[in-house]
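So the structure is just underneath, and the comments pick up after that.
The values are calculated or read from the model by the stated rules, or taken from the named source; none is laboratory data. Fair warning: this is a prediction, and the values are worked out from it, not measured in the lab. Heads up, the Cβs are rebuilt from the backbone with ideal geometry, glycines too, and the neighbour counts pull from every protein chain shown. To get the accessible areas, we keep the full protein, side chains included, count just its heavy atoms, and leave off ligands, DNA and RNA. Shrake-Rupley method; radii C 1.70, N 1.55, O 1.52, S 1.80 Å.
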Amino acid sequence: MNRIIKWPLKITGNIRERLPPPPVVACQVNGRETVSRFQERSDPDQPQTPFYYTMPILNDFLGWFESTHLQQQIAEVDFIALFTNPWFIVPFGILIAYLVYKQSWKDLVIIGLLVGVWWVSGTPYMGTLIVNGEVQIAKILPVVFGGAAALGLVIYLLFGRSD
């Protein structure tokens, strides 16, 4: 079940099919022979093979995360699927309950604003902002002013006043 990580965060194939294991190097330290997993560099111009396949826990976690489909639902702005996915809604609900318990209204407003901006980015209106590679100025101005207002609100909440 060993897998490798290829960027951007794609988990593919068996590591043993892709990379040879690093050679074991024996050396003497203080009169005792020790075994090391460092690779020998036969060619100084060739980079060493990284040891990223020695972390099966990270690979298992990334495999589990990919199976939850959270990244896909966020990228596609699938609002209904994301907010009915228990892998998202349970931690999100716990976070919101914690922020309400702590009465951290500033953080709640910022999270609400981020969720709202994410939702608006998936509307059909946003899909019509660029037509044939040209920006539609009449349609983009409300988006720019809305973004400036949201940014101004966040700056005010973070720096303008204290709780």
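At the residue level, V144 shows approximately 80 square angstrom of accessible surface with a 1.4 angstrom probe and all protein chains present. Residue separation of E76 and I155 scaled by 0.36 nm, minus their Cα-Cα distance, works out to 25.6 nm of gained length. For the range 77-161, trypsin sites (Lys or Arg not before Pro) are listed when DSSP marks them as loop and at most 10 other Cβ atoms sit within 10 Å of their Cβ; the list is K102, R161. Keeping the other protein chains in place, figure out the carbon and sulfur percent of the accessible area of the range 116-157, with a 1.4 Å probe. Ligands and nucleic acids excluded, carbon and sulfur give 76 percent.
Looking at the range 50-114, the chymotrypsin sites (Phe, Trp or Tyr not before Pro) that sit in a DSSP loop and have at most 14 other Cβ atoms within 10 Å of their own Cβ are F51.
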